[in-house]
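Note sheet for the following structure.
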Amino acid sequence: MDQTVNRISAKDFINKVLAGVALGIVVGLIPNAILGELFKALTPYHPIFATLNSVVVGIQFTVPVLVGVLIGMQFKLNPIQTVIVGTAAFVGSGAAIFKENAWVLTGIGDLINTMITASIAVLLILWIKDRLGSLTIILLPIIAGGIAGFIGIILLPYVKLITSSLGQLINSFTTLQPIVMCLLIAISFSILIVSPISTVAISMAIGISGLASGAANLGVAAAACMLVVGTMPVNKAGVPIAVFLGAMKMMMPNLLKYPIIALPIALTAAVTGVAGSLMGIQGTKESAGFGFSGLVGPINAFKFMEGNAMMNLLLLILVYFVIPFVSAFIFHYLFTKVFKLYDPDVFKFQTESEDK
């Protein structure tokens, strides 16, 4: 085995973990984000679409494994070591729980705990190296995979407290005046969608609905628009397209390395959230946190709108696409050309730049 990594700095270690997470999210979530709602809508017309929908949803369930495997590949682990990291990440994610004498998939699990578990597995593997000799294939899955998975399960309830605490904070915003509420919720969700926190999990946990749900979706949509505007000039076409289709979390490494990008994202979300409040954009707890991925947000908002259908459709296009994109262009121009708060390269997709 060629184990070239003897020492690695904490910064490099974290960057490699985040790069693996970013790629895993793109691979696992994009199929359902693009095709999920379409297949659901077409299911009444032919059973094949129900099957196709189960396929893209099934791919989404593999996110913890994909994240673990791609983190392992970032450290140039061999095939056995890589899949061990993937299995440990899946166990630690909490995506599968034992309930009523059966294992039940609950979604993609807790992404933060997935990263922690995968990191522990990688550290164990790098520490063990070739010490196990011919017994590697027997003992390594038990030591690295088993110990990392066990620690992940122990940590999971405590790590979930991060999500629940943020949920309680966001839930407190719902008691404020509507415009202020929508502004704060939109900003919160615009930042959360680029973090390891699941916006959908928070929405379901606090039961956010009505104008608050609409603001949450608009915040996610605003983040997508800002990231598209930022990534377009400094990346190949695939990056902004993936972001537009729902893979905003792939920019997590950028947010942690350059926190300044949170400023244009938050301001774009604030403008969009206020506009959504004035237009009465609503939603449900099931639809909140998706933005315009799969058109989940706009479709649910349309159901709550009264009056002329064409006018309502134009309003949705305005608030979900026109306002956030225009705001994003303005803020990005001001911060790069006028105030020079950041360089456009802060939106360079980290994994892509590292591969070159």
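The values are calculated or read from the model by the stated rules, or taken from the named source; none is laboratory data. Just so you know, these numbers come straight off a predicted model, no measurement behind them. With ideal geometry, Cβ positions are generated from the backbone for all residues, glycine too; neighbour counts draw on all protein chains shown. Accessible surface is based on the protein model in full, side chains and every heavy atom, while ligands, DNA and RNA are left aside. Shrake-Rupley method; radii C 1.70, N 1.55, O 1.52, S 1.80 Å.
Length available on full extension from L256 to T106: 0.36 nm per residue minus the Cα-Cα distance, which gives 51.2 nm. Qualifying trypsin sites (Lys or Arg not before Pro) in segment 84-162, where qualification requires a DSSP coil assignment and no more than 15 other C-beta atoms within 10 Å, comprise K129, R131. With respect to the chain, whose longest principal axis is taken over its alpha-carbon atoms, helix 79-93 is tilted by about 50°. Residue order by solvent-accessible surface for I116, I265 is I116, I265, largest first, with ligands and nucleic acids left out and a 1.4 Å probe.
Amide H to amide H distances under 5 Å link A96 with T106, where only residues 5 or more positions off or on other chains count and H is placed in the peptide plane. When the Cα positions of A288, S198, L139 are compared along the charge dipole of the chain, L139 comes out farthest toward the positive end, with charges on each C-beta of Lys, Arg, Asp and Glu.
For segment 10-161, the Cβ-based charge dipole about the Cα centre amounts to some 240 debye (Lys, Arg positive; Asp, Glu negative; other atoms uncharged).
Protection proxy ranking, highest mean first, for peptides 190-201, 226-237: 190-201, 226-237, where packing is the per-residue count of other beta-carbon atoms within 10 Å, averaged.
Distance between the 7 Å Cα→Cβ label points at V322 and K236: 3.5 nm. Taking amide H positions as modeled 1.01 Å from N, with prolines and chain starts lacking one, no residue 5 or more places away or on another chain lies under 5 Å from S287.
If you fit an axis through the alpha-carbon atoms of helix 111-128 and take the longest principal axis of the Cα set of the chain, what angle between them do you get, 0 to 90°, nearest 10? Around 20 degrees separate the two axes. The phi-based Karplus calculation (6.51 cos²θ - 1.76 cosθ + 1.60; θ = phi - 60°) puts the 3J(HN,Hα) values of segment 9-17 at 6, 4, 5, 5, 4, 5, 4, 5, 4 Hz, whole numbers, x for Gly and Pro. A prolate overall shape is assigned to the chain, the ratio a/c of its alpha-carbon gyration tensor axes (a ≥ b ≥ c) being 1.5 or greater and a/b exceeding b/c. Here the Karplus curve 6.51 cos²θ - 1.76 cosθ + 1.60, taken at θ = phi - 60°, turns the phi angles of segment 206-214 into couplings of 9, x, 5, 8, x, 4, 5, 5, x Hz, with x standing for Gly and Pro.
Taking the C-alpha atoms only, the angle from helix 63-74 to the longest principal axis of the chain is near 60 degrees. If you find the alpha carbon centre of segment 186-218 and of segment 281-330, how far apart are they in angstrom? About 15 Å separates the Cα centre of segment 186-218 from the one of segment 281-330.
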